[in-house]
1. Looking only at strands (runs of 3 or more DSSP E) that fall completely inside the stretch A:1-102, which ones have 3 or more residues that are within 14 Å of chain B (Cβ to nearest Cβ) and surrounded by 20 or more Cβ atoms within 10 Å (Cβ to Cβ)?
2. Given the options A:113, A:123, A:138, name the one that is in contact with a helix residue (DSSP H, G or I) (Cβ under 6 Å, 6 or more places away or on another chain) and either surrounded by fewer than 24 Cβ atoms within 10 Å (Cβ to Cβ) or modelled with pLDDT of 95 or more (or both).
3. Mind checking whether some residue in the stretch A:237-252 is within 30 Å of residue B:271 (Cβ to Cβ) and either without any contact (Cβ under 8 Å) to a residue 12 or more places away in the chain or facing another protein chain (nearest Cβ under 7 Å) (or both)?
4. In the stretch A:159-194, how many residues are within 13 Å of chain B (Cβ to nearest Cβ) and assigned to a loop (DSSP other than H, G, I, E, B)?
5. Pick from B:197, B:208: which is buried (at least 16 other Cβ atoms within 10 Å of the Cβ), in a loop (DSSP other than H, G, I, E, B) and within 14 Å of chain A (Cβ to nearest Cβ)?
6. Within the stretch A:321-331, restricting attention to residues that are crowded, with 16+ Cβ neighbours inside 10 Å and facing chain B (nearest Cβ under 8 Å), which residue is farthest from residue A:3 (Cα to Cα)?
7. Looking at the stretch B:67-77, is at least one residue on the phi > 0 side of the Ramachandran plot and touching a helix residue (DSSP H, G or I) at 6+ places or on another chain (Cβ under 9 Å)?
8. Residue by residue through the stretch A:296-316, note down the ones that are within 12 Å of another protein chain (Cβ to nearest Cβ) and surrounded by fewer than 24 Cβ atoms within 10 Å (Cβ to Cβ).
């Protein structure tokens, strides 16, 4: 295993400590509960937004805590759901009179942890709603899910509900917006290589040198099929067709287009993918109003990419255009 | 080779087209000369800033074109200097009455292309200054250089001169600032794996599974030595010692600390590196006033990282804090 690791047991804690040290005025790391929160949370005048999941998907979700997005993120260990009591403590720490919205990518372990945490919080009179995100069109059920998986499209839900909360919307309204964004967001990804979890020390699955996994999950779960390695444009065609046909997206739609890297793919390749996807959508009469190219939801060091489309209306587009101040800085 | 590529000959052009399509209001792609420029350049009231280099180092430099940083970038093919006439045409396109500052990482091929382009431009009465960046402490001379190499520290030079130009500083003043930032910036990197250029289709050099290249160049040039794979903190200690001892950085200094990924390393590992580096510097009495964690200057899909320190004074810190609007978007 060639990674920057000390003791794999401390991988997540050391990452979180680094994240907080790099953002001392905006973020707070609470080691007892393995969480990252806004230094100024909770704000009693806004709904608090919390997301958690296994680690290994950074920047999701610990690096998207900040004004205009999450108030806190409570990650589990690599590819493992956070413990219920950590989620519960996170909710208590950011509890606001306006309520707390929990965002959960649809995996069975995460659902259980968050649903139980919600019950515990409600028993203490904290108002909580939970929203499940399931944008991945690849498969109906999967290794760790009943129903579709939640993947990179969760960024659009986080962004929209974060912006709505900053504007002062109440909990029902923030949850309505989150549901709406999730309902018009579709993603599919594929792997060129497997990923290597620090504690395992070897690739999570075998993928021959001339094969790719189309529809892969962000924990290396099987996708739709193995295929022979092919030129980038053919890969994009296959991903785009799956995503476009699912909603379906149609001529006349305005969309946000995201090309998300899975961790080991350089941004040069992501822009190459973006260019072809943009032109293909354009040729279908679909207008790209917002573009996102980079790493948003990764799978450790996996080489690969996903494509996400969001069908925009004025409300969603306006929320996506709001500023956000998160940990990922690019000058 | 597992990459998102169609025809390797078109790799750079397809990436640049994607970059421009994703940023239609701010960037312009000029395919004849393989360049990316600000859509609103040149601004006659400011010095224009241009950087070029081989491709394969993205986001450097084509993704750092924008208000507050570069007016244009003219990349060559992967790891190859841009042709002189492309540099010359770039200078003409962004020529301003206040002059043009060329930034060049110190590699022999790039120096030749830019020096000749400067001569051609001056023959047409365009005022040009050229600044060479050489922040890499690893080796004195290298495969493609006489003198030290220019690597990720070039970002701080770009940022400072870009901000000074926006403030209206004249060419001599902008060049003075660039020289000053370069003189207090030091970097060293290391590779866990080799990188694979699209046209070669196989790793550029051999690095056994249990070895790392300490002091590697961003084109895979040899560094100081091969070492056995070691825990992350030991790697950081070695990089930091080399960087700190070189200027040297001393107790009482205020610095910017950058942990730069080389393309294949996920951001989780970069924050783990950052945390330990931050604490080590703190223990030496060095104050970290600005933190940068992410990919700034890569080597295709190489797994690895570099550490950069910049000794700050009020002038440099103020310029680094200015806003910049570049193509890399994170909501």
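1. A:48-55, A:72-78
2. On the way: A:123 fails: in contact with a helix residue (DSSP H, G or I) (Cβ under 6 Å, 6 or more places away or on another chain); A:138 fails: in contact with a helix residue (DSSP H, G or I) (Cβ under 6 Å, 6 or more places away or on another chain).
From the options A:113, A:123, A:138, the qualifying one is A:113.
3. Residues of the stretch A:237-252 that are within 30 Å of residue B:271 (Cβ to Cβ), as a first pass: A:239.
Next cut, either without any contact (Cβ under 8 Å) to a residue 12 or more places away in the chain or facing another protein chain (nearest Cβ under 7 Å) (or both) only: none.
Within the stretch A:237-252, not a single residue is within 30 Å of residue B:271 (Cβ to Cβ) and either without any contact (Cβ under 8 Å) to a residue 12 or more places away in the chain or facing another protein chain (nearest Cβ under 7 Å) (or both).
4. Summing the residues that are within 13 Å of chain B (Cβ to nearest Cβ) and assigned to a loop (DSSP other than H, G, I, E, B) in the stretch A:159-194 gives 3.
5. Values: B:208 fails: buried (at least 16 other Cβ atoms within 10 Å of the Cβ).
Selected residue: B:197, the only one of B:197, B:208 that is buried (at least 16 other Cβ atoms within 10 Å of the Cβ), in a loop (DSSP other than H, G, I, E, B) and within 14 Å of chain A (Cβ to nearest Cβ).
6. Within the stretch A:321-331, the match that is farthest from residue A:3 (Cα to Cα) is A:324.
7. Taking the stretch B:67-77 as the starting set, the residues that turn out to be on the phi > 0 side of the Ramachandran plot are B:68.
With touching a helix residue (DSSP H, G or I) at 6+ places or on another chain (Cβ under 9 Å) added as a condition, the list becomes B:68.
Within the stretch B:67-77 (the criterion being on the phi > 0 side of the Ramachandran plot and touching a helix residue (DSSP H, G or I) at 6+ places or on another chain (Cβ under 9 Å)), the answer is yes, since at least one residue qualifies.
8. none
The values are calculated or read from the model by the stated rules, or taken from the named source; none is laboratory data. No experiment lies behind these values; they were computed from the predicted model shown. With ideal geometry, Cβ positions are generated from the backbone for all residues, glycine too; neighbour counts draw on all protein chains shown.
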